[in-house]
Structures are given as structure tokens and as C-alpha cells.
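*Asks:* Handing you a structure now.
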Amino acid sequence: MAVQTVATETTTTVAAVDLGPASGLSCRECGAQFPLGPIFACVECFGPLEVAYDLPVGGPEQAAALRKQIEAGPANIWRYAPLLPVPADVAEKPNLNPGWTKLVQADNLARELGVEQGKLFVKDDSGNPTHSFKDRVVAQAIEAARAFGFTTLSCSSTGNLAGAVGAAAARAGFRSCVFIPHDLEQGKVVMAGVYGGDLVAIEGNYDDVNRFCSELIGDPLGEGWGFVNVNLRPYYGEGSKTLAYEICEQLGWQLPDQLVIPIASGSQFTKIDKGLKELIALGLVEDKPYKLFGAQAEGCSPVSVAYKGGHDVVRPQKPNTIAKSLAIGNPADGPYVLDIARRTGGAVEDVNDEQVVDAIKLLAQTEGIFAETAGGVTLGVTKKLIEAGLIDPTLTTVVLNTGDGLKTLDAVADSSQATATIRPSLEAFRDAGLATD
């Protein structure tokens, strides 16, 4: 998040909890170690914390056994429970059980983009329970909330997360209170409100909402609250690793050569990289180079601007784009995205709103996948990178669609109307020029 608080002695002292292979928390900057608890910033250097593990690293036989165990698991993210901060019996608890979404071989789209047949895939996460990838991260966070005894689930959200928290809380028996910018797309507002929790619109953009939540978490008013993307952020972020796990398993336990990932806070991008590296370390996939490419909207492109300028510092921007789910002007993981993109030989690029709309329609018209604006950003950037020669059209490439276009209808409503309005007669149909020869 853009604003972080620091762990205190009282917040770091938590009774022993069962979060499976999770062994503690580790600072991404200085490496300081902390016990598992609802904290997210290092007391030594203010750096972000992430989950550390005691994973079953071994030889080929142990890797084969782990692969077999995963393949025998449920058709959701809990097939990867041995690699996640969750108890072993997680699949038996009330949860929305997201994941195992389609990896679509996009040959029609490949022809349009000049990509070799059989090499382009779309990981379509619109098939999750609330129709976005946010169900993955919330499923992880809610298990941490149970472990730490929270009674209310909360978040700051650009829309999709609010709906995911509301749905997961309803299913698991938590109270929910989520916070959104006041000008979100109506479809996302309705989806966040329908689950019966409290939905609070804050006057301002996402960064204003996030600042308010950071104040609330340090106030007695927030006692007993688990903010999935603040004090539960280390656990929440691990849900994005399951995208990496699934993609590799669905490719036959192979690493893709190139992935294109949307960037909001940057957490999904960094955790997919973490997941790929874990699979390599565990021997579940063959170690080979891969490239990660980040996608932003031009109207909120602080990471892209930093990347193209050769900078290490990401300067905040005031968002102004139709891709509101990516409209985070001060992305917490921005510097780490830069590091990973450069380390893997990838890049970070952006597209304007017109290109976003064109990409949404292209994906719909070639593969029958209706993406929300974030998906339009990702595909638009993919097209741009292919044309620039930065994405190799002969290598296996996976493009992420993280949400359903029904949530952002306004983006394409004007250009997606009835072809014709006619009287109910064959003559009128012929006169409209719609009859085929």
C-alpha cells in the first residue's frame, strides 16, 4: 500500500497459529525475521514483510511426489495448500474456493497479432466466484483472519477487491466493511454492496481511500478488523502466486517464456515471480529463463514512466483512466516491479484509453472472452510490445485477464449497440442488408 504503519511489540506478539508451511515473516529489504502475525512493515527498516516458508525442497523423487499430490487435489487454489500459508484442512472450511480458471489457447488472437500458432494463451481469471482474480488473494487473507481472531474483514479497493471481500466474508461468517472511491463503475459498486456488508464510498481517489484505511487501522475504531491489503497484506499477496502455479501446471508443468501482467499496486506481478521461482526451487518445473512484462494505463502509469525513464524511484501520479481497477497512483510494489522486469529481461509499458477499448473488443471478437478494462490494458500492451519487437512471437506467451467485462460495461457501451432495429419480418431483415447469400 502507499501508506504503511510499523509493527509494534504488541502487534508482533501473537499466539501460535497454524498456517501450514509458513514459518514466519521476512522483511523484503533487510531480511529481518518476525513471527507470524497481523503485521506488514519491518520495525527495523520500514520495509514490507512477506511470508517465509519451510517448503519441501528435495530431489526428483520428492518433486514427483509433490506434483502427484497437487494433481490429486481439489480443482481450486487449495490443491496448492502445501505451498501456501494455510492450514492443511483449509479445503474443509467455508470459503469461496477460487482458482483453477481456464488457460485458453488463443489461436484466433494469435493470428491477429502475428504470433505463432499454439504459442499464445490467455489466463482468464474472470471465471472466479466474483469474476476477478481478487478472490484468490481474499481466500488467502481470510484464512489468516481466522488464525488471528479477527471479526471484521475490510479493505481499500478500486472495486474488484471490495466485491471479493464482501462475498468471502458472507460465506465465512465475518462482518465486512469495505471502502471504495466515490466514482467507481456502477457494476462494481453493486457487486460490492449486494453481499450485505457495509460499503463506504470515500470522496477522492484510491490513494485517498488507502490513506484513510491506514489511519483507521491504528485507531481503536479498527480493533478486531482484518484489512486484507494492509495488516493482512503479507498473506493476501500470496494468493497471486497461485496464478503462477496454475499456469505452469496447465502448460504441462512448464514455465511460460513470457507473461504479460497488469500493474495496479504491483503485488500480483511480484508474487507471480515469487511463485515461479518457488516452482523452480522445488523441482516442479525445469529451470529456464522467463520474461515478465508489466501493463499499465497511460492515465495511471507511474511504473511504466519510471521503467522507460531508467529510474529506480516510482513517482506518484494522479489517476485519470477508464481502467479504474488499475488506478493506483502510488503503487507500493512499484520499485520491485522495476527490479523484476529488468532482471528477467521484460519491460513495463502503457496504452491509452482508446487502445484499451480496442483491445477489449479484439479479445471478445477473436476468443469470445469479455475482459474488463484491466484486461484491455494487458492485451493492448501485449500488442504494443509485439509490434515493438520486445515480445517474441515464436515463444510461449501468457496474457492475464483478471476480470469480467460485465463490471466495466461503460467502456464499450457506445460502440457495442444493436446492429439494426427492424420490424419482425423477413422483408425488413433483407432490407437491412443482414441476409447472407
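The values are calculated or read from the model by the stated rules, or taken from the named source; none is laboratory data. Keep in mind that what you see is a predicted model, and the values were worked out from it rather than measured. Every residue, glycine among them, receives a Cβ derived from its backbone with ideal geometry; neighbour counts consider all protein chains shown. These area figures cover heavy atoms from the full protein model, side chains too; ligands, DNA and RNA do not enter into them. Shrake-Rupley method; radii C 1.70, N 1.55, O 1.52, S 1.80 Å.
*Asks:* If you restrict to DSSP beta bridges whose two residues both lie in the chain, what percentage is antiparallel, to the nearest 5?
*Replies:* Just about 35 percent of them are antiparallel.
*Asks:* Right, another one. On a 22 Å Cα-Cα criterion, which of the cross-link pairs Lys119/Lys291; Lys123/Lys318; Lys188/Lys324; Lys277/Lys383; Lys119/Lys188; Lys324/Lys407 come out too long?
*Replies:* Where the Cα-Cα span goes over 22 Å, the pairs concerned are Lys123/Lys318; Lys277/Lys383; Lys119/Lys188.
*Asks:* Return one whole number: the accessible area per residue of the chain in Å², for a 1.4 Å probe.
*Replies:* For the chain, the solvent-accessible area averages 40 Å² per residue.
*Asks:* What does the accessible area of Trp100 come to, in Å² to the nearest 10, when a probe of 1.4 Å is used?
*Replies:* Near enough 80 Å² of accessible area.
*Asks:* Still on this model: Given the options Glu246, Glu185, Glu92, which has the most mean-square fluctuation in a GNM of the chain, springs set between C-alpha atoms less than 10 angstrom apart?
*Replies:* The residue that fluctuates most here is Glu92.
*Asks:* For region 33-182, what does the alpha-carbon gyration tensor say about shape, rounded, prolate or oblate, given a ≥ b ≥ c as the root eigenvalues, a/c under 1.5 as rounded, and a/b over b/c as prolate?
*Replies:* oblate
*Asks:* Whenever you get a sec, line up Leu279, Leu390 from highest to lowest accessible area (probe 1.4 Å, protein heavy atoms).
*Replies:* Leu390, Leu279
*Asks:* Binning every alpha carbon pair distance of region 362-436 at 10 Å from zero, what are the percents per bin?
*Replies:* 16, 33, 23, 19, 9, 1
*Asks:* Over 18 Å, how big is the tail of the calculated P(r) for region 181-249, in percent of all Cα pairs?
*Replies:* Here the tail beyond 18 Å accounts for 57 percent of pairs.
*Asks:* Determine the shape class of region 275-364: with a ≥ b ≥ c the square roots of the Cα gyration tensor eigenvalues, call it rounded for a/c under 1.5, and otherwise prolate if a/b is greater than b/c, oblate otherwise.
*Replies:* oblate
*Asks:* At 222 nm, what helix-only mean residue ellipticity would the chain give, in deg cm²/dmol to the nearest 500, using -39500 (n - 2.57) for each DSSP H run of four or more?
*Replies:* -10500 deg cm²/dmol, from helical runs alone.
*Asks:* Let me ask another. Given Cα pairs under 8 Å that are at least 6 residues apart, what percent is the relative contact order of the chain?
*Replies:* So the answer I get is 16 percent.
*Asks:* Of Leu232, Leu243, Ser301, which is farthest on the positive side of the dipole of region 210-301, counting Cα position, with +1 on Lys and Arg Cβ, -1 on Asp and Glu Cβ, and the Cα centre as origin?
*Replies:* Going by the charge dipole, the pick is Ser301.
*Asks:* Just how far, in whole angstrom, is region 278-323 from region 209-262 if you go by their alpha carbon centroids?
*Replies:* 15
*Asks:* Which of Val17, Val399, Val209 moves most in a GNM of the chain, Cα contacts under 10 Å?
*Replies:* Answer for the Gaussian network model of the chain: Val17.
*Asks:* Now for a different question. Choose one answer from Pro98, Pro56, Pro393: the residue with the largest mean-square fluctuation in a GNM of the chain with alpha-carbon springs under 10 Å.
*Replies:* Top of the fluctuation ranking is Pro56.
*Asks:* Still on this structure: Can you give me the relative contact order of region 298-416 as a percent, contacts being Cα pairs under 8 Å and 6 or more apart?
*Replies:* Dividing the mean separation by the residue count of region 298-416 yields 22 percent.
*Asks:* Label region 178-320 by shape, choosing from rounded, prolate and oblate, from the square roots a ≥ b ≥ c of the eigenvalues of the Cα gyration tensor; if a/c is under 1.5 it is rounded, and otherwise prolate applies when a/b is larger than b/c, oblate when it is not.
*Replies:* prolate
*Asks:* Two decimals is fine: what's Rg over Rh for region 10-101, C-alpha atoms, Kirkwood radius as Rh?
*Replies:* Radius of gyration over Kirkwood radius for region 10-101 works out to 1.04.
*Asks:* For region 24-181, with all protein chains present and a 1.4 Å probe, just round the carbon and sulfur fraction of the accessible area to a whole percent.
*Replies:* 48
*Asks:* Over region 55-204, what is the percentage of antiparallel beta bridges among all DSSP beta bridges, to the nearest 5?
*Replies:* Expressed as a percentage, antiparallel bridges in region 55-204 total about 30.
*Asks:* Find the Cα radius of gyration of region 141-215, compare it with 2.2 N^0.38 Å by division, and give the number to two decimals.
*Replies:* 1.04
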